[in-house]
1. In deg cm²/dmol and to the nearest 500, what is the mean residue ellipticity at 222 nm of the chain if only DSSP H runs of at least 4 residues count, each as -39500 (n - 2.57), divided by the residue total?
2. For the chain, what does the equivalent ellipsoid look like in terms of its semi-axes, each the square root of 5 times an eigenvalue of the Cα gyration tensor, given largest first in whole Å?
3. Among 203-211, 228-236, how do they line up by average Cβ neighbours within 10 Å per residue, starting with the highest?
4. So how do 148, 189, 9 line up by other beta-carbon neighbours within 10 Å, fewest first?
5. Between 34, 194, 237, find the one with the highest GNM mean-square fluctuation for the chain; connect C-alpha pairs within less than 10 Å.
6. Provide 11, 186, 174 in ascending order of the number of other Cβ atoms located within 10 Å of each residue's Cβ, fewest first.
7. Fewest to most neighbouring Cβ within 10 Å: what's the order for 39, 286?
8. If contacts are Cα pairs under 8 angstrom and at least 6 residues apart, what is the relative contact order of segment 6-306 in percent?
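Quick note: the coordinates plus some simple rules give every number you see, no bench work behind them. Keep in mind the model is a prediction, meaning the values are calculated, not measured. Please note: Cβ atoms are built from the backbone with ideal geometry, for glycine as well, and neighbour counts cover all protein chains shown.
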């Protein structure tokens with residue numbers, strides 16, 4: 001497919017993997033999520049990928065009542081595209097997971113394209129029993145090795161058909177090459193229309209590894225399956241974040257950073273904020289001769305409905 005002229009930076013602000021013990025910078029109160037999202041947009045992120053948390057203890061939430069306090073604040077303070085997660089829990093049903101998107105009708109939301117083992121249990125070994133800030137954290141992390149992240153064809157259809165009246169653009173999250181074929185099947189039966197937006201995800205335990213060879217393979221596979229009918233971005237988890245984001249930008253793609261995906265700004269050094277990660281990758285992208293897309297340019301590239309048609 002043709003190389004686009006500008007690079008879209010997505011910032012994933014908090015996610016549902018990392019816990020408050022792992023970094024003091026990870027936002028979980030309504031105020032902190034709103035503030036860090038706005039600062040990330042000011043630093044150059046044109047899309048904000050958002051999860052919610054319980055504000056008292058930082059545990060992941062898909063309750064629309066935990067999105068409502070910060071979404072209007074973000075919309076009032078920035079023109080960035082809001083992208084809501086539909087994968088915010090590894091144990092709840094697809095009906096629960098899509099409820100925030102159904103409630104708030106954002107311009108974008110994530111769409112996981114296949115079931116998979118999804119685990120981060122090795123992180124638990126980094127902390128002693130007395131290190132955890134909140135009671136829920138240790139078991140949540142240590143027991144993630146029993147998780148199957150369910151995204152069946154029926155789940156995908158239900159999410160697509162339920163959200164279709166909202167004219168939401170999906171960020172199709174593909175954690176392995178088979179997910180691309182799942183997406184092609186779903187397009188063939190009419191669930192999604194071009195241009196689609198694919199997020200290639202590397203480095204999650206249970207998905208494809210974070211090697212450049214895998215990125216090239218995923219990209220070539222998508223070219224073969226979708227031709228000119230897709231746009232793409234890269235998410236590298238953990239230590240792969242900046243390297244794969246840089247590579248994607250030089251291959252003509254887009255990229256995603258944020259504390260959902262990595263808590264670090266460089267090897268062994270925790271990031272101070274989401275905005276710090278956005279600023280770093282923006283500097284790299286621009287120093288290498290590319291330009292960063294504004295929110296309105298991202299809307300044009302991805303064919304979004306516009307910020308005036310959301311419900312928050």
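1. Rounded to the nearest 500, it is -10000 deg cm²/dmol.
2. 26, 22, 21
3. Ranking, from highest mean packing down: 228-236, 203-211.
4. 189, 148, 9
5. Result for the chain, Cα springs under 10 Å: 194 fluctuates most.
6. Details: 11 30, 186 20, 174 26.
Ranked by crowding around the Cβ, least crowded first: 186, 174, 11.
7. The most exposed by this proxy come first: 286, 39.
8. Contact order relative to length: 24 percent.
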